Structure formats: structure tokens, C-alpha cells
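Colleague: Have a look at this one.
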């Protein structure tokens with residue numbers, strides 16, 4: 001199962017580019033507000049690295065976290 005160049009769509013034009021601010025420039029108030037909002041966001045899954053021995057173990061944890069999130073929302 002290989003891919004050849006003929007399978008891909010050619011990129012013919014790049015429209016726009018993001019220009020990073022100069023080094024040492026403080027972030028805008030809008031960017032700081034966005035960072036604060038993201039920092040306060042709570043996910044259903046506790047933070048950390050999880051290692052599972054099987055897909056069933058992972059599914060069990062994910063379903064438990066989802067059920068707890070639904071229970072908290074009510």
C-alpha cells in the first residue's frame with residue numbers, strides 16, 4: 001500500500017502567512033485573555049499520562065470519566 005505523487009493533490013498557492021511578533025514583545029490583551037480561558041478549562045479526563053494493558057482498561061476509564069462528567073453536569 002504505497003503512495004505516489006500522482007495520488008496527492010498539488011499545492012499550487014499559499015495564501016497568507018502568520019508573522020510572529022518580534023522577540024520581547026508582550027502578548028496582546030486578547031491573547032492573554034484567550035490563554036486565561038484555556039487555562040481555566042476543565043476536561044473530563046484527569047491530567048496525567050495513562051498506560052493501559054488493554055483497550056478494555058482504557059475504555060473502562062473513559063466511560064467512568066464520561067459518566068462522572070454527566071453526573072456533575074446535572
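Colleague: Regarding residue 16, is this residue assigned to a loop (DSSP other than H, G, I, E, B) and modelled with pLDDT of 85 or more?
Modeller: Numbers: assigned to a loop (DSSP other than H, G, I, E, B): yes; modelled with pLDDT of 85 or more: no.
So residue 16 does not fit the description; no.
Colleague: A further question follows. Are any of the residues in segment 30-43 in a loop (DSSP other than H, G, I, E, B), surrounded by 10 or more Cβ atoms within 10 Å (Cβ to Cβ) and out of contact with any helix residue (DSSP H, G or I) (no Cβ under 6 Å at 6 or more places or on another chain)? I'd like the intermediate steps shown before the answer.
Modeller: Here is the first cut: in segment 30-43, the ones in a loop (DSSP other than H, G, I, E, B) are 41-43.
Filter once more, so that each one left must be surrounded by 10 or more Cβ atoms within 10 Å (Cβ to Cβ): none.
Checked segment 30-43: no residue is in a loop (DSSP other than H, G, I, E, B), surrounded by 10 or more Cβ atoms within 10 Å (Cβ to Cβ) and out of contact with any helix residue (DSSP H, G or I) (no Cβ under 6 Å at 6 or more places or on another chain).
The values are calculated or read from the model by the stated rules, or taken from the named source; none is laboratory data. As the structure is a computational prediction, the values presented were derived from the model and not from experiment. Here Cβ is always computed from backbone atoms with ideal geometry, including for glycine, and neighbour counts include all displayed protein chains.
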